[in-house]
Amino acid sequence: MTESFSACETNFSSNAAFYSGIAGQAAAQGITFLVASGDGGPDECDDPSTVPATTARSVNILASNWFTVAVGGTEFNDTASPSTYWNATNGTNGASAKSYIPENVWNESCTVAQCGSTAAGLWASGGGQSVLFQKPLWQAGVAGIPTANSRFLPDVALTAAEHDSYAVCLDASCQGTSPSFWLFSGTSAAVQSFGGIMALVVQKTGGRVGIANIALYKLA
């Protein structure tokens with residue numbers, strides 16, 4: 001089950017038990033509940049299309065409880081040397097990537113002065129430290145996670161940058177004599193993609209997975 005909505009902990013702290021209870025029920029029923037970490041970087045209380053941020057840092061309360069897999073965003077780290085990773089033309093199979101392309105955390109945030117009023121925003125992978133939920137056992141002792149007794153997110157990440165948009169055929173847009181694709185980005189797109197990966201896991205195991213973080217952090 002995937003969810004792309006976001007609400008900051010600071011503004012919705014009174015709803016923490018409600019959201020955690022719903023996610024806990026899903027886990028008890030063996031449902032892997034995947035939630036987008038948000039598109040405003042550490043500033044989930046702000047509108048990501050408006051800069052600068054004006055509120056305190058906060059994470060997405062829908063993703064920060066113990067029973068969800070928080071899905072953040074990455075972007076290709078290929079802009080400094082595109083020719084290292086891409087061929088100038090497509091091959092016979094339609095592919096142009098030469099090999100694996102390294103990734104960074106998704107961060108396309110910029111000011112009006114940097115990229116104009118239409119593109120400016122806080123656009124980046126949501127994440128940070130929860131102020132409502134303590135650190136779950138499966139995050140304890142994992143390299144790279146701060147020692148504070150808090151839930152940290154995201155848990156996993158897939159491409160979410162506009163630079164690496166998902167091309168989607170919507171309402172038959174790719175059919176006919178003038179085909180076109182809609183381009184989608186953000187952690188809302190990343191969470192759907194990870195949902196597809198988890199569907200393959202469920203198909204492989206032949207049963208419900210539930211709280212996948214228990215296994216994912218063991219892999220980490």
So who's got an amide H within less than 5 Å of the one on residue 165, skipping anything under 5 residues away but keeping other chains? H placed 1.01 Å off N, in plane. none
Obtain the radius of gyration and the Kirkwood radius of the range 140-209 from its C-alpha atoms and give Rg over Rh. 1.15
Taking the dipole of the range 14-96 about the Cα centre (Lys, Arg +1; Asp, Glu -1; charges at Cβ), the one of 69, 89, 30 that reaches farthest to the positive side is 30
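Going from most exposed to least, what order do 219, 200 have by accessible area with a 1.4 Å probe?
Values: 219 145, 200 110 Å².
The residues order as 219, 200, largest area first.
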Which residues qualify? For residue 110, with a placed amide H closer than 5 Å and at least 5 residues away or on another chain, they are 121, 123
Once all Cα-Cα distances of the range 26-123 are split into 5 Å bins that start at 0, what whole-number percent is in each one? 2, 12, 14, 14, 14, 13, 13, 10, 6, 2, 0
Diffing the range 64-79: the Karplus 3J(HN,Hα) column from phi (6.51, -1.76, 1.60, θ = phi - 60°), in whole Hz with x for Gly and Pro, holds 9, 6, 6, 9, 10, 9, 7, 9, x, x, 10, 8, 4, 9, 10, 5
Compute the Rg/Rh shape ratio of the range 100-141: radius of gyration over Kirkwood radius, all on alpha-carbon atoms. 1.19
Restricting to Cα atoms and excluding each atom paired with itself, what does the Kirkwood estimate give for the range 122-161 in Å? 11.3 Å
With viscosity set to 1.306 mPa s and temperature to 10 °C, compute the Stokes-Einstein D of the chain, Rh being the Kirkwood radius across alpha carbon pairs; µm²/s, no decimals. 85 µm²/s
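Quick one: longest stretch of the chain between exposed loop trypsin sites (Lys or Arg not before Pro), exposed meaning at most 14 other C-beta atoms within 10 Å and loop per DSSP?
Free of exposed loop sites, the longest segment is 99-207.
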For the range 191-216, list residues with backbone N below 18 Å from a point placed 7 Å from the Cα of residue 137 toward its Cβ? 210-216
Exposure rank, largest accessible area first [1, 198; 1.4 Å]: 1, 198
So, counting K/R as plus one and D/E as minus one, what does the shell of residues with Cβ under 13 Å around residue 213 add up to? +2
How far is helix 16-28 tilted, in degrees, relative to the longest principal axis of the Cα atoms in the chain, given as a value from 0 to 90 rounded to the nearest 10? 80 degrees
Difference of contour (0.36 nm per residue) and Cα-Cα distance, residue 174 to residue 50: 41.4 nm
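The values are calculated or read from the model by the stated rules, or taken from the named source; none is laboratory data. Note that the structure is predicted; figures quoted are calculated from it, not measured. All Cβ positions, even for glycine, are placed from backbone atoms using ideal geometry, and neighbour counts span all protein chains on display. For accessibility, only protein heavy atoms count, side chains too; no ligands or nucleic acids. Shrake-Rupley method; radii C 1.70, N 1.55, O 1.52, S 1.80 Å.
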